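A short worksheet on the structure shown next.
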Amino acid sequence: PAGYHITGFGVISAARAACEAMERDFSSQRIAIEGFGQVGVGASIYASRHGAKIVAISTIDGAIYNEAGLDIDRLNLLRREHGDRCVLEYGDAETISHSQLFELPVDVLVPCARPKVFDDACMPQEHLSCGYSHSRSKVT
């Protein structure tokens, strides 16, 4: 149901607004999503609909990366069939560690798995154009 994904919609709406404020075209952004549950799935659907390229996804069971982009429709089907193991079943991507997800050359990093992902000790790479830091209370 769409209601499960409404938070993901809000996250991507905020990311689109941040890109617009920075005069960046959202449809050209490369996105990594930490956590592929209800929020992460919703974020992936709405980001894809607006032309962004999802290049990395993580679940509790692993993380994957494909510079050319991930097939979000296929990942969503695998998610329904295999749960968090969807990243292990996907196949057409490089397996990466959870910590590597935060080091990828992406424009937008969407933390959907747990709160306070970004702090003074763990801030994403400087090339990141959009990410939210709870400890700094600003978009970085």
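The values are calculated or read from the model by the stated rules, or taken from the named source; none is laboratory data. Given the structure is predicted, the values throughout are model-derived calculations rather than measurements. For neighbour counting, all protein chains shown are included, and Cβ atoms are generated from backbone atoms with ideal geometry for every residue, glycine included. Ligands, DNA and RNA are excluded from the accessible area calculation, which covers all protein heavy atoms including side chains. Shrake-Rupley method; radii C 1.70, N 1.55, O 1.52, S 1.80 Å.
A few points about this structure:
- Charge tally for Asn66 (other residues, Cβ to Cβ under 15 Å; Lys, Arg +1; Asp, Glu -1): -3.
- Computed over the range 9-117, Cα set: Rg, Dmax in Å: 12.7, 39
- Distances between placed amide hydrogens fall under 5 Å for Ile96 paired with Ala63, Ile64, Tyr65, all partners being 5 or more residues away or on another chain.
- Ordering of 27-33, 75-81, 104-110 by packing is 104-110, 27-33, 75-81, highest average first (other Cβ atoms within 10 Å, averaged per residue).
- Counting only protein heavy atoms and a 1.4 Å probe, the range 1-50 has 51 square angstrom of accessible area per residue.
- Rh (Kirkwood; distinct C-alpha pairs) - the range 44-96, Å: 10.9 Å
- Coil-residue GluC sites (Glu not before Pro) of the range 1-48, DSSP, other Cβ within 10 Å capped at 13: Glu23
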